[in-house]
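Notes for the one structure printed next.
Where a number appears in this text, it was derived from the coordinates with a stated rule and is not lab data. All figures in this text were calculated on a predicted structure; none of them were measured in a lab. When we count neighbours, we look across all protein chains shown, and the Cβ atoms used for this are built from the backbone with ideal geometry, even at glycine.
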Amino acid sequence: MSDRIVITGVCNGIGEKLALSLLNYGYEVIGIDCMEKNSNKSIHYFKCDVTNSDSVERTFKNIQKEYGVITGLVNIVGGTLHSKNIEDISDQDWEETINFNLKTPFNCIRSALPMLKKSNRGRIINISAVAGRTYTFFGGVDFTAAKTGIIGLTRQCAFELAKYNITANCVAPGLTMTNRVVDLWEGYTEEKRKNILKQIPLNRPSSVDEQVNVIKFLCSEESSYISGTVIDVNGGMFMG
């Protein structure tokens, strides 16, 4: 059976680059996103609102009907929706951030499990953040709570699903130069950039490729005895 990986958030950023890299390594890629269409015709694309459990369930049933089995699920969707102090975060802010960052991987894992179990060698990779390991300059308490929750979700999945030979791991990126971050970065003053980079021992941001390489390894057979682990890809910003 060939490796068939589902990636959420496949239309831009880390998800898009990961999909292209996996295709080059011979993987079959199924992409999920809320946008109309991914431009790469080699990706089997499904439009889906991953914050909506009904939409996710329908999408994965369609994937199962068409493809039967998947060997991996990479949950990329997530990010900061705002940057507010705790006293300024409304109930709606909290719920939107938790839904976008924590509910989405839960929805997808739950719906993907029948196909992952059939593979008998499934891989689940979730994306946390340095904010899930320590405090952050780029989001609020809702974002740190959601990204910390992803780590707990990953570890419990690793424990519960080991009997199906499914591994679950988590990547926690630091400052990564996706298109969205580049746009923000270019709007910062030189002083603000320097102050941010001072927090990173390697004194530079990550490229998208540096994140993709770690995720790609976790998708592979070479990672078969790694489960329940958080891999920090943050230039030394958090060491734990």
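Out of the trypsin sites (Lys or Arg not before Pro) in the range 121-211, which ones are loop residues according to DSSP with at most 13 other C-beta atoms within 10 Å? Walk me through the numbers on the way to the answer.
On the way: sites: ARG121, ARG123, ARG133, LYS147, ARG155, LYS163, ARG180, LYS192, ARG193, LYS194, LYS198; in loops: ARG121, ARG133, LYS198.
Counting only loop positions with at most 13 other Cβ atoms within 10 Å, the trypsin sites (Lys or Arg not before Pro) in the range 121-211 are LYS198.
Which residue, PHE138, ILE89, ASN213, has the largest displacement toward the positive end of the dipole of the chain when charges sit on each Cβ (Lys, Arg +1; Asp, Glu -1)?
Sorting the options by dipole projection puts first ASN213.
In debye to the nearest 20, how big a dipole does the range 75-142 give about its Cα centre with +1 on each Lys and Arg Cβ and -1 on each Asp and Glu Cβ? Intermediate values should be presented prior to the final figure.
Numbers: 8 positive and 7 negative charges, 183 e Å.
Around 880 debye, computed over the range 75-142.
Could you tell me which residue out of ILE166, SER53, ASN120 lies farthest along the dipole of the chain toward its positive end? Charges go on the beta carbon: Lys and Arg +1, Asp and Glu -1, centred on the Cα centre.
Going by the charge dipole, the pick is ASN120.
Among CYS108, CYS11, which comes first, then next, by fewest other beta-carbon atoms within 10 Å?
Details: CYS108 26, CYS11 20.
Fewest-to-most Cβ neighbours within 10 Å comes out as CYS11, CYS108.
Taking the dipole about the Cα centre of the chain, with the C-beta of Lys and Arg at +1 and of Asp and Glu at -1, give me whichever of ILE196, VAL182, GLY68 is farthest to the positive side.
Value: GLY68.
On a 20 Å Cα-Cα criterion, which of the cross-link pairs LYS17/LYS117; LYS118/LYS147; LYS84/LYS192; LYS84/LYS147 come out too long?
With Cα atoms farther than 20 Å apart: LYS17/LYS117; LYS118/LYS147.
Mean-square fluctuation check for the chain, GNM, Cα pairs under 10 Å: which of THR189, THR176, THR51 is largest?
Maximum fluctuation in the GNM of the chain, among the listed residues, is at THR189.
Please give the charge dipole size of the range 27-182, origin at the Cα centre, charges +1 on K and R Cβ atoms and -1 on D and E Cβ atoms. Round to the nearest 20 debye. List each step's numbers first, then the result.
Values: 18 positive and 15 negative charges, 187 e Å.
Computed charge dipole of the range 27-182: roughly 900 debye.
What chymotrypsin sites (Phe, Trp or Tyr not before Pro) in the range 132-240 are in a loop by DSSP, with at most 10 other Cβ atoms within 10 Å of the Cβ? The partial results should precede the final answer.
On the way: sites: TYR135, PHE137, PHE138, PHE143, PHE159, TYR164, TRP185, TYR188, PHE217, TYR225, PHE238; in loops: TYR135, PHE137, PHE138, TYR188, TYR225, PHE238.
Sparse-neighbourhood loop chymotrypsin sites (Phe, Trp or Tyr not before Pro): TYR135, TYR225.
So what is the relative contact order of the range 24-110, in percent, for Cα pairs below 8 Å that sit 6 or more residues apart?
Numbers: 71 pairs, mean separation 23.9, N = 87.
In percent, rounded to a whole number, it is 27.
If you add up the charges near ARG193, with Lys and Arg at +1 and Asp and Glu at -1, over every other residue whose beta carbon is less than 15 angstrom from its beta carbon, what do you get?
Working: positive: LYS192, LYS194, LYS198, ARG204; negative: ASP183, GLU186, GLU190, GLU191.
Around ARG193, the surrounding residues sum to 0.
Given H placed on each backbone N at 1.01 Å, which residues far from ILE124 in sequence or on other chains put an amide H within less than 5 Å of it?
LEU73, THR167, ALA168, ASN169
Would you mind ranking MET239, MET35 so that the residue whose beta carbon has the fewest other beta carbons within 10 Å leads the list?
Values: MET239 9, MET35 13.
The fewest-first ordering by Cβ neighbours comes to MET239, MET35.
For the chain, what does the relative contact order come out to in percent, with C-alpha contacts under 8 Å and a separation of six or more?
On the way: 436 pairs, mean separation 45.9, N = 240.
Contact order relative to length: 19 percent.
Please state the relative contact order of the range 124-215 as a whole percent: Cα pairs under 8 Å, 6+ residues apart? Please list the in-between numbers first.
Working: 91 pairs, mean separation 28.0, N = 92.
With pairs under 8 Å counted, the relative contact order is 30 percent.
Over the chain, with a Gaussian network built from C-alpha contacts below 10 Å, which listed residue (VAL214, VAL171, VAL74) shows the highest mean-square fluctuation?
Maximum fluctuation in the GNM of the chain, among the listed residues, is at VAL214.
In debye to the nearest 20, how big a dipole does the range 1-113 give about its Cα centre with +1 on each Lys and Arg Cβ and -1 on each Asp and Glu Cβ? Numbers along the way, then the final one.
Values: 11 positive and 15 negative charges, 127 e Å.
Dipole about the Cα centre, nearest 20: 600 debye.
Please list the non-local residues whose amide H lies under 5 Å from the amide H of ILE70, H modeled 1.01 Å from N, same-chain partners needing a gap of 5 or more.
LEU116, SER119
Calculate the spin-label point distance for ILE226 paired with LYS194, positioning each point 7 Å from the Cα along the beta-carbon direction, and give it in nanometres.
3.7
Taking only Cα atoms and a 10 Å spring cutoff, compute GNM fluctuations for the chain and point out the largest among ASN101, ASN12, ASN179.
Result: ASN179 has the largest fluctuation of those listed.
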